[in-house]
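Here the structure is laid out as structure tokens; the discussion comes afterwards.
What follows is calculated from the coordinates using simple rules that are stated; it is not laboratory data. Bear in mind the structure is a predicted one, so any value in this text is a computation, not a measurement. Cβ coordinates were reconstructed from backbone atoms using ideal geometry, including for glycine residues, and neighbour counts include every protein chain displayed.
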Amino acid sequence: MITQTSLKTLLGYEPESGIFIRKVRTSNRIKVGDQAGSFDKAGYLCIRVHGKTYKAHRLAWLYVHGTMPLGEVDHINGDKSDNRINNLRDVTKSVNQQNRRSVKGYSRDGNRWKAQIRFSGKWRHLGCYETEQEAHEAYLAAKSEVHTKAREQ
């Protein structure tokens, strides 16, 4: 596993921008001063170090805090490419799942809108509403009660 010292020898990190810069030439394709990394299929910036590929947000955490995160690294604003240190937090898988953008908490159910929320591994029905906005508001109200560490969506 990579250490903070080894990482800082190979890469520079700009906490305000979240960008990693190469300090060492490790191949013919890589030049000192190049921005490090490429995006994977899921939209995360990945950087190869010592033959192993790491997600840039995990390397940012190591670079600043000196250890790899204990849990998952959450992008607070939901942007997977935003690796500024103030946009990252070490959280449990459960908290990180609460912030998935693909989960709106409501859906069309015939002519009405059904709101629901997942909590402690179970779906909780919040009701059916005439408008999408009402269902969304019901979801946000429930989310603020049960997902206390999540950001609003």
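Give me the angle, in degrees from 0 to 90, between the Cα long axis of helix 132-146 and the longest principal axis of the Cα atoms of the chain, rounded to the nearest 10. Helix 132-146 sits at roughly 70 degrees to that axis.
Can you sort 131, 26 so the residue with the fewest Cβ neighbours within 10 Å comes first? Display every interim value, and only then the final one.
Details: 131 10, 26 15.
Lowest to highest Cβ neighbour count: 131, 26.
For the chain, the longest principal axis of the alpha carbon atoms and the long axis of helix 56-65 meet at an angle near 70°.
Counting pairs of Cα atoms in the chain, how many percent are more than 19 Å apart? Percentage above 19 Å: 60. What does the charge count around residue 28 come to, taking other residues whose C-beta lies under 15 Å from its C-beta (Lys +1, Arg +1, Asp -1, Glu -1)? Once all neighbours under 15 Å are counted, the net charge is +4.
Pull up all non-local amide H partners of residue 46: gap of 5 or more, or a different chain, and H-to-H distance under 5 Å with H placed in the peptide plane. Close amide H contacts, sequence-distant or interchain: 38, 39, 40, 56. Could you please report the charge total around residue 108, scoring K, R as +1 and D, E as -1 over all other residues with beta-carbon less than 10 angstrom from its beta-carbon? Net local charge, residue 108 excluded: 0.
When peptides 50-56, 27-33 are sorted by average Cβ neighbour count within 10 Å, with the highest value leading, the order is 50-56, 27-33.
Just checking the listed ones, 84, 108, 58: in the Gaussian network model of the chain with Cα springs under 10 Å, the one fluctuating most is 108. Less than 5 angstrom separates the built amide H of residue 105 from none of the residues sequence-distant by 5 or more or on a different chain.
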